[in-house]
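Every number in this text was worked out from the coordinates using simple rules, so none of it is lab data. Quick caveat, the model's predicted, so the values are computed rather than measured. In this analysis, Cβ positions are derived from the backbone assuming ideal geometry, glycine residues included, and neighbour counts consider all displayed protein chains.
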Amino acid sequence: MITAILFDLDGTLFDHRAAADTAITGWVSRHAPAHPRLGEAAALWESLEIPHLAAWHAGECSWQEQRRRRVRALCAELELDVPLGADAAVDTAFADYAELYRQGWVAYPDAAGALAGLAEFRLGVLTNGAQRPQEEKVRAIGLGGLLGPVLTGESLGGHFKPAPACYTGAAAALGLPPEQVLLVGDDVDKDVTGPAAIGMPSVWLDRLGTPPPPGFPRITTLHGLRDVLAADPAHP
Ligand SMILES: [Mg+2]
């Protein structure tokens, strides 16, 4: 019986990609308004997220250091004339980007309504982002009153999705066995197959219409979750 539902945050409840794309494009254009590769900045920034966040998840660098690495790599690739000698200068550069990113924080249009319709479940977040920024984000996008705990790999002993200990830790934080917790998210490895491997049910939120992994429930908006739950014989 499912008694709690955990949602991924970025790409599931919150449109991280749109906010990040707009912010980094604005940031680059501030430094180089007519940069010939301005149109590539968003994709380049996205490509830098994966390896540098992975290094942080692996404990190879701090949260702040992975930010610096991304800024330095982007500026090197685009040959931007940004002062990057000292870490403090890079932190200032990232803070300017972060301010633009924050201006784009908005929940997906289906998030609030879908969460409000699931009031009989305990609801929360399980995200690979850092604890404080993700908590701020949940509040800023207006979902704080609809969600319970914001669980992060950072708060779960450094175990990030798709590490099995992340899911078992999240269930334990709720005081429930994994079988009673449903994870909903947009990332197949981190939100769908990862939790299933330890017995936590999962639903794939496919906002982009990509080929589904076989054998898992798939929804294209959060409103589809009710139908999945209704079709589950384990659900009361
Ligand atoms: Mg996600």
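For the stretch 59-78, the condition of being within 16 Å of the ligand (Cβ to nearest atom), closer than 29 Å to ALA171 by Cβ and among the hydrophobic types (A, V, I, L, M, F, W, C) holds for none of the residues. Give me a count of the residues in the stretch 177-215 that are in a loop (DSSP other than H, G, I, E, B) and either on the phi > 0 side of the Ramachandran plot or buried (at least 16 other Cβ atoms within 10 Å of the Cβ) (or both). Residues that pass the stated criteria total 10.
Checking each residue in the stretch 1-46 for being within 16 Å of the ligand (Cβ to nearest atom) and without any contact (Cβ under 8 Å) to a residue 12 or more places away in the chain picks out only HIS16. Restricting the first member to the stretch 199-211 and to residues that are in contact (Cβ under 8 Å) with a residue 24 or more places away in the chain, and the second to residues that are in a loop (DSSP other than H, G, I, E, B) and among the hydrophobic types (A, V, I, L, M, F, W, C), the beta-carbon pairs closer than 8 Å and six or more apart or on different chains are PRO201/ILE2; PRO201/ALA234; VAL203/PHE216. The set of residues in the stretch 56-65 that are surrounded by 15 or more Cβ atoms within 10 Å (Cβ to Cβ) and either within 22 Å of LEU38 (Cα to Cα) or under 16 Å from the mean Cα position of the chain (by Cα) (or both) comprises TRP56, HIS57. Take the conditions (1) out of contact with any His (no Cβ under 8 Å at 6 or more places or on another chain); (2) in contact (Cβ under 8 Å) with a residue 60 or more places away in the chain; (3) surrounded by 15 or more Cβ atoms within 10 Å (Cβ to Cβ); VAL106 misses just one of them, which is (3).
When the residues of the stretch 85-137 are filtered to those that are among the hydroxyl-bearing types (Ser, Thr, Tyr) and within 16 Å of the ligand (Cβ to nearest atom), the one that is nearest to GLY148 (Cα to Cα) is THR127.
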